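Heads up: the structure comes next, in structure tokens.
The values are calculated or read from the model by the stated rules, or taken from the named source; none is laboratory data. All figures in this text were calculated on a predicted structure; none of them were measured in a lab. All Cβ positions, glycine included, derive from the backbone under ideal geometry; neighbour counts span all protein chains shown.
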Amino acid sequence: MAVEKAMVLWNISNCPIPDGHDPLMVVQRIQAAVEKSGYVRRNGEISITAIGDKLTEVPGEDVMRRLSSIGIALKNADEYQMDLYDWADENPPPGTMMVIDGHEQLGWLAGTLSELEDKGFRILKQWDWAALFSDEQETTTTSLVVNSSVKSPWFCEVCFVAAPSLEDFTTHLKSVKHAYGEWDRHASKNNVDRTDPANLPFGRSNELDLLLNQDMVRRQMLTSGRGRRRGPLGPLRPRHTFNLTHSKAS
């Protein structure tokens, strides 16, 4: 008999662990909620990925360490729509997906979730911690497993970095390389003119200033070389995955 599987995507930035609650107890509650749905029975497998755009701040390094210790994958990102499709590609229906996020964000995903439901996946949505904690804690019977569709249990989508360990992951998130990646994402999304020094966040650190200045000069040269073309250029960073096993972030 095939093992029943479920995936949980938890936007921990929008739905942080409630004050006064133990992170591992919260995970057990999530696990129990999936089991209670009746879709994943005894001895099934559940993978949980906690997603946030500033993980070292929310939930913070201590909670990251505790979640990672029990097999929760951590992903630095501000969206996860493709994660739903990636898991669906590797786990044909009937699989179960739970999304934990704010009510508004779940509304934005309504079309995607409806499409996956039409394909035979079971969709669970959770945005109310009070409902999750309303019942008495029950003993869970499923196993927590690492999501097989993720590039690494510790992945930064901003910089496309797959870290080999939690320590490497947190080091990367505090690095100049990541700070520049965050700025690059912000500037690209908001169509910032990066040829104008007044628009750049100089002054945070000498290392970041150097990267910003190099990028600005390169863009100024490209813009002037294209004659009348005006406005900001798109991202100039290579869009590929770095494996920190061979090159650790500093």
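At a glance:
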read-out	value
Considering residues of the range 50-63 that are closer than 13 Å to PRO16 by Cα and not aliphatic (A, V, I, L, M) only, the residue surrounded by the fewest Cβ atoms within 10 Å (Cβ to Cβ)	GLU57
Members of the range 153-205 that are modelled with pLDDT of 95 or more, assigned to a helix (DSSP H, G or I) and of a type in the set (S, T, N, Q)	THR170, THR171, ASN199
Output for the range 144-168, where each listed residue is in contact with a helix residue (DSSP H, G or I) (Cβ under 7 Å, 6 or more places away or on another chain) and of a type in the set (Phe, Trp, Tyr)	TRP154
Unique match (being buried (at least 18 other Cβ atoms within 10 Å of the Cβ) and not basic (Lys, Arg)) among VAL146, VAL161	VAL161
Residue that is surrounded by the fewest Cβ atoms within 10 Å (Cβ to Cβ) [pool: residues in the range 64-80 that are over 10 Å from the mean Cα position of the chain (by Cα) and among the polar types (S, T, N, Q)]	SER69
Conditions (1) touching a Ser or Thr at 6+ places or on another chain (Cβ under 9 Å); (2) surrounded by fewer than 20 Cβ atoms within 10 Å (Cβ to Cβ); (3) at pLDDT 90 or above; number of the one not met by TRP10	(2)
Out of PHE160, PHE169, sole residue that is closer than 30 Å to ILE70 by Cα, in contact (Cβ under 8 Å) with a residue 60 or more places away in the chain and touching a Gly at 6+ places or on another chain (Cβ under 9 Å)	PHE160
Of residues in the range 81-108 being of a type in the set (A, V, I, L, M, F, W, C) and in contact with a strand residue (DSSP E or B) (Cβ under 9 Å, 6 or more places away or on another chain), the one surrounded by the fewest Cβ atoms within 10 Å (Cβ to Cβ)	LEU106
Close pairs (7 angstrom Cβ cut-off, 6 or more residues apart or separate chains): surrounded by 14 or more Cβ atoms within 10 Å (Cβ to Cβ) in the range 22-37, small (Gly, Ala, Ser) anywhere	VAL34/ALA6
Residue, farthest from LEU9 (Cα to Cα), within the range 109-122, restricted to residues that are among the aliphatic types (A, V, I, L, M) and crowded, with 18+ Cβ neighbours inside 10 Å	LEU116
From the options GLY60, GLY44, GLY71, residue that is at positive phi and modelled with pLDDT under 95	GLY71
